[in-house]
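K.L.:
Structure in structure tokens, see below.
The values are calculated or read from the model by the stated rules, or taken from the named source; none is laboratory data. Being a predicted model, the structure only gives us computed values, none of them experimental. Cβ placement follows ideal geometry from the backbone for every residue including glycine, while neighbour counts extend to all protein chains displayed.
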Amino acid sequence: MIQTVNLTKEFNGFKAVDNLNLRVEKGDIYGFLGPNGAGKTTTIMMILGLIPPTSGKVFLLGEELKPNNVEVKRRIGVVSENQYFYKEMTAEEYLTFFGELYEVPNVHRRIDELLEAVGLRNDRNKKLGAYSKGMQQKLAFARALLHDPELLILDEPVANLDPTSIKQIRDLIEEENRRGRTVFVSSHLLSEVERLCKKVAIINRGKLLAEDTMDNIKRRLTDTIHMEIELSANAESLSTSLSELPFVKGFTVEGNRLEVHLKTERDYRLDLSRFLYEKGFLVLTMKTKEMSLEEAFITITQQNISLLAQGEGNA
Amino acid sequence: MRTFRVMKTLFKRDFLYSLYSLGYYVAIFASFFVSSFILKNFLDSIGEEDILVSAYPLNYPLYITLVIISLYLVILSGISISREREQGTLEVLFYGPVTPGSFLWGKYLKDLCLGMVALGFTAVYFYLVSLFTNLGFTLGLVKALIMSVFLLSCVVSFGLFISSLTGRIRSSVLALVAILGAFLAIQLGYNALLGFEKESLSVPMLYVRQAMSYVFRGISWISPFAYLSRGLDSVVLENPFLYVVNIGYAVVYSLVFMFLSVYVMNKKGVKA
Ligand SMILES: Nc1ncnc2c1ncn2[C@@H]1O[C@H](COP(=O)(O)OP(=O)(O)O)[C@@H](O)[C@H]1O
Ligand SMILES: [Mg+2]
């Protein structure tokens, strides 16, 4: 449904999106994860053809994206990160306007259905200027679903919502997916899409770190043991030799503090302390850091540990 | 076919909401107020001299009315795209079946229709004037009103072009004021230089005057207000050929500026 090939966007030499290769298959609920500033919105805008890529290609619904290809755009629904409305319109007028644009049959019945589904039935005659952020988000959802799109592209759709609304929207996404719609949803929180998505891509600083099934990603994220080590001396000099150790996935050094991410096949603590000793360091403390899935996700994105390369290595 | 439906939908929403805006009526009635003032002076002078000085007594007030309506329209169309860019509503339209072409022609139609409604009010106003004075609602006035539709079209397409170039309301307004101000300044400067005898000007000033005449001629093809005066002049000159030619010019001008706008919007994109 969506494929990007070496998609790249530079803003004045700064690479917001860097050689991105994504592939979203029909029927997926595909999570697009990354911290703020990772390049998610930029990628989505390129997929929609609203900002031109510096290089690379986008295929949307099987066709290479051409400017102003409205026939393809009629088949997708979009909820953007920020909501923009004609403030002087009511919800009903707004949806009727878009219904006409997309040539939705039985538009008034469809509007009733959707306002009911997103819980805005009682606010249908309110001016949009008076809508709260959450209500705007839900209305954008109704707008995106109005024309029964095959593909839904959602940029942080639940970012402004309270827990009840999040559940409402999540149920709605699942329901739409069951009806055969493909969903591409971005988020900066893993927990937000954890139960929703079957497949995920993780990006940071414009680069793809991983693309896999949710289960595999979860396994891989919790598949790493994080060790906090205090050494007898400044450990900066260790960098190169540490990265050569086969059981080390990644590490950070700060003075005499060392954080090492280890593989989990077996207990590597002994190997690690022996290595450090041989390099002339004494281990003062060594402790395992307990991490939730979310923490693991944050660590992995902050430190740019390439799960992707590792995944390919294992395969 | 579908593109037309998209255009129609965009037009309808926009037009209805613009009709509800107060500024529109303020502009129209301000223009009538100024014309009434001019007419009153005119009638007073007839009263004193007891002679009719013009065969088209209502055309000058009409010209002033049109200039005021045009100023309103050029600002309105001048911010119409940049406003939607700035507020982000443009982006949302382009998630769907809207293209720069359908969007711009929708805006063009909307602004032109607002102009035509204003011309309708103007016709009623001048009809009332003709009832209360002995100045007739002549065929010349009807011709001038028809010509005005095409002249307003120039104004609108020029405004849209400026708007397609700018990303924010403020920059559109600044651009419009700067460009129209420059046109006016050059015209006034040129007229001032023309006022001098050729012999009284130094050689460098003669070159300046020559250069300005070229610039002036250029502007008279670019500025929509130049089309406005030329168009209305052609009515007074009672030259049917010139009348038709001026309508032709206005149509070509509008098309050129609309195509330029579509091109710019394709290049510039929909984000602020
Ligand atoms: N128009 C722009 N000009 C310059 N830099 C931009 C622009 N848009 C986005 N960026 C930068 O690109 C990076 C990615 O932004 P974005 O795609 O919005 O991230 P995300 O949606 O993942 O939070 C950020 O560092 C941001 O500052
Ligand atoms: Mg974003």
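K.L.:
Quickly run through region A:194-206 and pick out the residues that are away from ligand 1 (no atom under 14 Å from the Cβ) and either crowded, with 24+ Cβ neighbours inside 10 Å or touching a residue at least 60 places away in the same chain (Cβ under 8 Å) (or both).
P.N.:
Selection gives A:194, A:196, A:197, A:198, A:199, A:200.
K.L.:
Another one. Inspect all residues belonging to region A:35-44 and state whether any of them is over 15 Å from residue A:209 (Cβ atoms), touching a Pro at 6+ places or on another chain (Cβ under 9 Å) and either more than 8 Å from ligand 1 (Cβ to nearest atom) or not in a strand (DSSP E or B) (or both).
P.N.:
There is no residue in region A:35-44 that is over 15 Å from residue A:209 (Cβ atoms), touching a Pro at 6+ places or on another chain (Cβ under 9 Å) and either more than 8 Å from ligand 1 (Cβ to nearest atom) or not in a strand (DSSP E or B) (or both).
K.L.:
Can you confirm whether region A:49-70 contains a residue that is touching a residue at least 60 places away in the same chain (Cβ under 8 Å) and within 11 Å of chain B (Cβ to nearest Cβ)?
P.N.:
No.
K.L.:
What residue, of A:47, A:29, is within 14 Å of ligand 1 (Cβ to nearest atom) and under 17 Å from residue A:183 (Cα atoms)?
P.N.:
After ruling out the rest, the residue left standing is A:47.
K.L.:
Let me ask another. Can you tell me which residues in region A:50-78 are within 16 Å of ligand 1 (Cβ to nearest atom) and in contact with a Lys or Arg (Cβ under 8 Å, 6 or more places away or on another chain)?
P.N.:
Result: A:50, A:51, A:53, A:54.
K.L.:
Which numbered condition in (1) away from ligand 2 (no atom under 16 Å from the Cβ); (2) surrounded by fewer than 20 Cβ atoms within 10 Å (Cβ to Cβ) is the only one that residue A:118 fails?
P.N.:
(2)
K.L.:
Select from region B:170-191 the residues that are of a type in the set (A, V, I, L, M, F, W, C) and crowded, with 19+ Cβ neighbours inside 10 Å and list them in ascending order. So that I can check it myself, show each step before the final result.
P.N.:
We begin by selecting, within region B:170-191, every residue of a type in the set (A, V, I, L, M, F, W, C); these are B:173-180, B:182-186, B:188.
Listed by number, the residues that qualify are B:176, B:180, B:183.
K.L.:
For residues in region B:227-254 being touching a residue at least 24 places away in the same chain (Cβ under 8 Å) and hydrophobic (A, V, I, L, M, F, W, C), which is nearest to residue B:189 (Cα to Cα)?
P.N.:
It comes out as B:228.
K.L.:
Do you know which residues across region A:91-109 are surrounded by fewer than 16 Cβ atoms within 10 Å (Cβ to Cβ) and either part of a helix (DSSP H, G or I) or more than 9 Å from chain B (Cβ to nearest Cβ) (or both)?
P.N.:
Listed by number, the residues that qualify are A:105, A:106, A:108, A:109.
K.L.:
For region B:77-92, how many residues meet the condition of being in contact (Cβ under 8 Å) with a residue 24 or more places away in the chain and either on the phi > 0 side of the Ramachandran plot or in contact with a helix residue (DSSP H, G or I) (Cβ under 6 Å, 6 or more places away or on another chain) (or both)?
P.N.:
Count: 10.
K.L.:
Would you call residue A:189 within 16 Å of ligand 2 (Cβ to nearest atom), more than 13 Å from every other protein chain (Cβ to nearest Cβ) and closer than 24 Å to residue A:32 by Cβ?
P.N.:
yes
K.L.:
A further question on this structure: For residue A:61, all conditions in the list (1) under 19 Å from the mean Cα position of the chain (by Cα); (2) closer than 25 Å to residue A:174 by Cβ hold save one; what is the number of the exception?
P.N.:
With (1) under 19 Å from the mean Cα position of the chain (by Cα); (2) closer than 25 Å to residue A:174 by Cβ applied to residue A:61, the lone miss is (1).
K.L.:
Quick check on this structure: which one of A:130, A:144 is over 20 Å from the mean Cα position of the chain (by Cα) and either within 27 Å of residue A:187 (Cβ to Cβ) or more than 9 Å from chain B (Cβ to nearest Cβ) (or both)?
P.N.:
So the residue among A:130, A:144 that is over 20 Å from the mean Cα position of the chain (by Cα) and either within 27 Å of residue A:187 (Cβ to Cβ) or more than 9 Å from chain B (Cβ to nearest Cβ) (or both) is A:130.
K.L.:
Also: In region B:84-109, which residues are surrounded by fewer than 21 Cβ atoms within 10 Å (Cβ to Cβ) and within 11 Å of chain A (Cβ to nearest Cβ)?
P.N.:
B:86, B:87, B:88, B:89, B:101
K.L.:
For residue A:21, work out the one condition from (1) buried (at least 16 other Cβ atoms within 10 Å of the Cβ); (2) more than 14 Å from chain B (Cβ to nearest Cβ); (3) polar (S, T, N, Q) it doesn't fulfil.
P.N.:
Result: residue A:21 fails condition (1) only.
K.L.:
Another question, if that's okay. Report, by residue number, each residue of region A:209-236 that is in contact (Cβ under 8 Å) with a residue 24 or more places away in the chain and either within 16 Å of ligand 2 (Cβ to nearest atom) or assigned to a loop (DSSP other than H, G, I, E, B) (or both).
P.N.:
A:222, A:223, A:224, A:232, A:233, A:235
K.L.:
Residue by residue through region A:149-186, note down the ones that are part of a strand (DSSP E or B), away from ligand 1 (no atom under 16 Å from the Cβ) and either touching a Pro at 6+ places or on another chain (Cβ under 9 Å) or away from every other protein chain (no Cβ under 14 Å) (or both).
P.N.:
If we filter region A:149-186 for residues that are part of a strand (DSSP E or B), which is where we start, we get A:151-155, A:182-186.
This time we only want the ones that are away from ligand 1 (no atom under 16 Å from the Cβ), so: A:151-152, A:182-183.
Matches in region A:149-186: A:182, A:183.
Matching residues to (1) over 23 Å from residue A:192 (Cα atoms); (2) modelled with pLDDT under 95; (3) in contact with a Cys (Cβ under 8 Å, 6 or more places away or on another chain):
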{"site": "A:131", "(1), (2), (3)": "yes, yes, no"}
{"site": "A:135", "(1), (2), (3)": "no, yes, no"}
{"site": "A:141", "(1), (2), (3)": "no, yes, no"}
{"site": "A:148", "(1), (2), (3)": "yes, yes, no"}
{"site": "A:151", "(1), (2), (3)": "no, no, no"}
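K.L.:
Based on this model, can you work out whether residue A:27 counts as within 20 Å of the chain's Cα centre (by Cα), within 14 Å of another protein chain (Cβ to nearest Cβ) and more than 16 Å from ligand 2 (Cβ to nearest atom)? Outline the logic, then answer.
P.N.:
Numbers: within 20 Å of the chain's Cα centre (by Cα): yes; within 14 Å of another protein chain (Cβ to nearest Cβ): no; more than 16 Å from ligand 2 (Cβ to nearest atom): yes.
In short, no.
K.L.:
Can you pull out the residues in region A:30-65 that are small (Gly, Ala, Ser) and within 16 Å of ligand 2 (Cβ to nearest atom)?
P.N.:
Result: A:31, A:34, A:37, A:38, A:39.
K.L.:
Before we move on, is residue B:253 surrounded by 11 or more Cβ atoms within 10 Å (Cβ to Cβ), within 30 Å of residue B:89 (Cβ to Cβ) and in contact with a Pro (Cβ under 8 Å, 6 or more places away or on another chain)?
P.N.:
Answer is yes for this residue.
K.L.:
Out of B:107, B:143, report the one residue that is basic (Lys, Arg) and either within 16 Å of the chain's Cα centre (by Cα) or not in a helix (DSSP H, G or I) (or both).
P.N.:
B:107
K.L.:
Any idea which of (1) over 29 Å from residue A:14 (Cβ atoms); (2) surrounded by fewer than 17 Cβ atoms within 10 Å (Cβ to Cβ); (3) of a type in the set (Asp, Glu) is the one residue A:259 doesn't satisfy?
P.N.:
So the condition that residue A:259 fails would be (1).
K.L.:
Say we look at region B:123-140 and pick out the residues that are among the aliphatic types (A, V, I, L, M) and loosely packed, with under 13 Cβ neighbours inside 10 Å; which of these is nearest to the chain's Cα centre (by Cα)?
P.N.:
Kept after step one, since they are among the aliphatic types (A, V, I, L, M), are these residues of region B:123-140: B:123-124, B:128-129, B:131, B:135, B:139.
Now drop any that are not loosely packed, with under 13 Cβ neighbours inside 10 Å, which leaves B:124, B:128, B:131, B:139.
On the way: B:124: 20, B:128: 24, B:131: 28, B:139: 22 Å.
By that ranking, first place goes to B:124.
K.L.:
I would also like to ask the following. For residues that are within 27 Å of residue A:178 (Cβ to Cβ) and assigned to a loop (DSSP other than H, G, I, E, B), scanning just region A:3-26, find the one that is farthest from ligand 1 (Cβ to nearest atom).
P.N.:
A:26
K.L.:
Another one. Has region A:211-228 got any residue that is modelled with pLDDT of 90 or more and among the hydrophobic types (A, V, I, L, M, F, W, C)?
P.N.:
The answer is no; no qualifying residue exists.
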